[in-house]
Structures are given as C-alpha cells and as structure tokens.
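Down below is the structure, laid out as structure tokens.
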Amino acid sequence: MEAFLQKAKQASRAIATLLPQRRNEILRAMAGAIRESQEMILNANALDLKEAQASGLKGSMLERLALDGPKIAGMARAIEEITMLRNPLGRIIDGWVVENGLRIEKVSTPIGVVGIIYESRPNVTSDTAALCFKSGNVCVLKGGKEAKRSNEAIASVMQAVLKANNLPIEAISLLPDASREGVAKLVKMDQYVDLVVPRGGHALISFVSENATIPVIKHDKGLCHLYIHEEADFAKALPIVINAKTQRPSVCNAIETLLVDETIHERFLLELRPLLEEKGTEIRGCEKSLKILRGKRASEEDFHTEYGENILNVRVVKGFEEALEHIVIYGSQHSESIITQNHSIAERFLEEVDASSVYVNASTRFTDGGEFGFGAEVGISTSKLHARGPMGINELTTYKFKIYGEGQIRK
C-alpha cells in the first residue's frame, strides 16, 4: 500500500505541471478510447452483472451497475464536456498590495492525491478520473466489489492513454487492496493522500469519517423532501412529485418523503393517487394520507431511510413551520424543494432550509454536476467545509498565496 501511494504522490507532481491544452488533448483521447473499447467494457460489465444477480443484489443497485451502449457513449461525452470547462488552475482568486509593497495573489492549485471511495456505478470511475486529471490531481479510486471488472476495464483504457503520452499510469489508479482493511489503511495514509471523498451508504461514510486521518468531504445519503405548500400550483406540483420520485428512484437526489399541507391534502392527494399508482409507487404514509392513498403506515425508521427504490413516504403537515421542523429532524442536508406561488414563503424556505441545494417549484433531480453546468461530478457533498453540493473541478482545487517582493524584510 505504501509503495503504491508513493508512486501516486510522485505522479501528482507530473500531472500538476501539465499545460491546460495538453491536459485537454489527453482527455479527448481518453474519451475516444472509451468509445473504441465499448465491447471490452461491456463484456466486463456483463460478468459483474451475472455475479451480482447471483449474489442477490437488489434492483436499484443492479440498475446503477448495468452498462449499455448509450451509457458508454455518455461516459465518453462527459469526458469531452469536461475538456470544454474553463481551466480551474492558476486562477487569481484575489490579489492586493500591503503597506510594505508586497504584492500578494491568492491562486488556485491542485489538491494533490485524492482518494475516492464509491459503490456500484462504473461511470463514476471515468467521471472522477477525468475531473481529477482536468484539475491537476491524481486519483486513487476504490469502487464497489460488485463493479470490480467494469472498473478495472475502464481504468485500464484511461491508463493506456496516459502511458501512450509518457505520463505515469499511477495518475489514475484503482486501490490494489479493495478490502475493508485496505480502505482502513488508505484513509490513514495522510503523508501521501491529501483528501478522501467517500460517496455511498451511511455505513461507508461513518467508517471513513471515524477512521480517517486525512481530510474527508462526505457525500452522505440523500434524504430529500418535497413540500407542497397550501398555495401550490397543482399543475406544477403533480408532475414534479412524479419526476422527483419515479424518474430514477435509485439516485441520491430522488425524494424519499412528500410533505403536504393539511388545508389542501385531500384535493392534492386525490389527484396524485392515480399518477403514483400508474408508476407502481409503494406508499408509506401517515394516518391522514392513508385515508386517500393505498399503502401502509410509515414508521419512524421509514422517515430516516434512503430507500433507493420506488417507495415514497407521505406526511400531512399543519403548515410551513411543521414542514420545516420535519426537514430539520429527518433531512440529510442534500436537496429540498417547496412548491408554492407565495413569494415570501418561497424566500423563507430558501433562506431557512439548511441543505446543499434548495429549490422552489422544481424537482430535486436537478442536483447534479452536469445539470448545474459543471460537467461531470465527483459526487454531491453534504459537508459544509470546502465543498458543498455537486462537486466539480473547481471544488477539486485548493489555493496558495504567491508573494512578490523587492527586498522587503520584516521589522
């Protein structure tokens, strides 16, 4: 492990000094290589899927794991979109001259070696590797065991491009020991690794946070809520509920709980019921909502659960304050949305809800690096320091101060 990370640290110096144009040329070559290697990647993925199905992996995880031609094309396209983003390095964030004549500049720089721990989705391998490379960082990737062959195939394609361009393949590498013990070692290697980003289930986030001596940016569970205020426009609200829950239930920006104002709940839920039934959504509701919707009674645990499935909690609330209180207690500071035509209530929601992304009259499904214009993303940070929300290339930089003098000494 130590020898492997030493090579990664050495590689970071070579990657950090590449010119932006050269970096983009190599990324475009990687995108082309992924397209050309589609058959090889899909064959590896098919083996992963077969093994995952045999082991009883649940439907939502299988959906995340599965690749096909359009998904491979999407991976390549995401890399190309990253090349079109503004160079994040060397930006003068601030600059000033102090009384003694020293000129000081605050300039963006790479973080260094970034460890990224994730589950299921093989496209995370190419997305995060490309983002790290664009921002001058080396990445050490640890995907889920269910995607082992897929991740190895994708990483090997990108490494071949690095090798062809006389760059160290350690700039994009998979953690050689992917066991729990291997992760425990990785997160304590602060002499070689500058940042670790865990994205996945609560158990993974807790394990990394409790054991790491390296700075951690958490990408925790997505317990997202949609609140239908008493002044909601039903024509907007109904399709937003369906989109936020059912368009892709397995992702972290899908809602888990629908909150509906008591004054409108009967009319709204009567209109919503056939739409949810058409989508096959399983309901876990409060006493009032279950007088209209078919489902079972929601437990306290249900409101704390990120399902990753087409399951929706429904709770009728007495008004704005009770909705906010519910979000404070059960939310994970990921994404929250309100549907209302009341401007002052909308502004209060935006100001008072503590989450990385807060919406008015829109689906939470937009919390995504691509949708925000960042290209791909490392993930959705639920931390508050350094990065919050979709984490793109700018969040993969830090800064240093450059000081220009003319012989000044301190008195």
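The values are calculated or read from the model by the stated rules, or taken from the named source; none is laboratory data. Note that this is a predicted model, so its numbers are computed, not measured. Glycine also receives a Cβ, built like all others from the backbone with ideal geometry; neighbour counts cover every protein chain displayed. Keep in mind that these areas ignore ligands, DNA and RNA; they rest on the heavy atoms of the full protein, side chains included. Shrake-Rupley method; radii C 1.70, N 1.55, O 1.52, S 1.80 Å.
Values as computed for the structure displayed
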| item | result |
| --- | --- |
| Hydrodynamic radius by Kirkwood, which averages 1/r over all alpha carbon pairs of region 64-145, in angstrom | 15.1 Å |
| Percentage relative contact order, the chain, counting C-alpha pairs under 8 Å, at least six apart | 19 percent |
| Where 106, 245 fall by accessible area, highest first, once all protein chains stay in place (1.4 Å) | 106, 245 |
| ³J(HN,Hα), Karplus 6.51/-1.76/1.60, whole Hz, each residue of region 162-169, x for Gly, Pro | 4, 4, 5, 9, 6, 10, x, 5 |
| Alpha carbon Rg of region 100-171, scaled by the compact-globule rule 2.2 N^0.38 Å | 1.42 |
| Estimated [θ] at 222 nm from DSSP helical runs (n ≥ 4, -39500 (n - 2.57)) normalised by residues in the chain, nearest 500 | -13000 deg cm²/dmol |
| Karplus-derived 3J(HN,Hα), 6.51/-1.76/1.60, for each residue of region 93-99, Hz, glycine and proline x | 6, 7, x, 6, 10, 8, 4 |
| Given 10 as the ceiling on other Cβ atoms within 10 Å, longest exposed-site-free region of the chain for GluC sites (Glu not before Pro) in DSSP loops | 100-286 |
| Computed log₁₀ I(q)/I(0) - Debye formula, equal Cα scatterers, no solvent, region 267-335, q 0.17, 0.21, 0.28 Å⁻¹ | -0.67, -1.00, -1.36 |
| Size-normalised alpha-carbon gyration radius of region 272-403, reference 2.2 N^0.38 Å | 1.27 |
| Mean accessible surface per residue for the chain, computed with a 1.4 Å probe while every protein chain stays in place, in Å² | 45 Å² |
| Cα gyration tensor, region 358-411 - rounded (a/c under 1.5), prolate or oblate | prolate |
| Accessible surface of region 263-334, 1.4 Å probe, proportion on carbon and sulfur as whole % | 47 percent |
| HN-Hα J in Hz across region 65-76 - Karplus 6.51, -1.76, 1.60, θ = phi - 60°, x for Gly and Pro | 6, 5, 10, 8, x, x, 5, 4, 4, x, 4, 5 |
| For the chain, cysteines whose Cβ has no other cysteine Cβ within reach (under 4.7 Å) | 224, 252, 286 |
| Net +/- balance of residues flanking residue 78 in space, Cβ distance below 15 Å, scoring K and R +1, D and E -1 | 0 |
| Equivalent ellipsoid, region 108-235 (semi-axes from 5 times Cα gyration tensor eigenvalues, Å) | 30, 19, 15 |
| Alpha-carbon gyration tensor eigenvalues x 5, square-rooted, for the chain, Å | 40, 28, 19 |
| Antiparallel content of DSSP bridges confined to region 274-411, in %, to 5 | 15 percent |
| For region 1-145, fraction of C-alpha pairs farther apart than 20 Å, in % | 59 percent |
| Rg/Rg_ref, region 327-372, where Rg_ref = 2.2 N^0.38 Å and atoms are Cα | 1.13 |
| In region 83-192, lysine pairs with alpha-carbon atoms under 25 angstrom apart (chain gap of 8 or more, or interchain) | 12 |
| DSSP bridge pairs, the chain: antiparallel proportion in percent, nearest 5 | 30 percent |
| Whole-angstrom Cα spans of region 297-375 along principal axes, big to small | 39, 32, 19 |
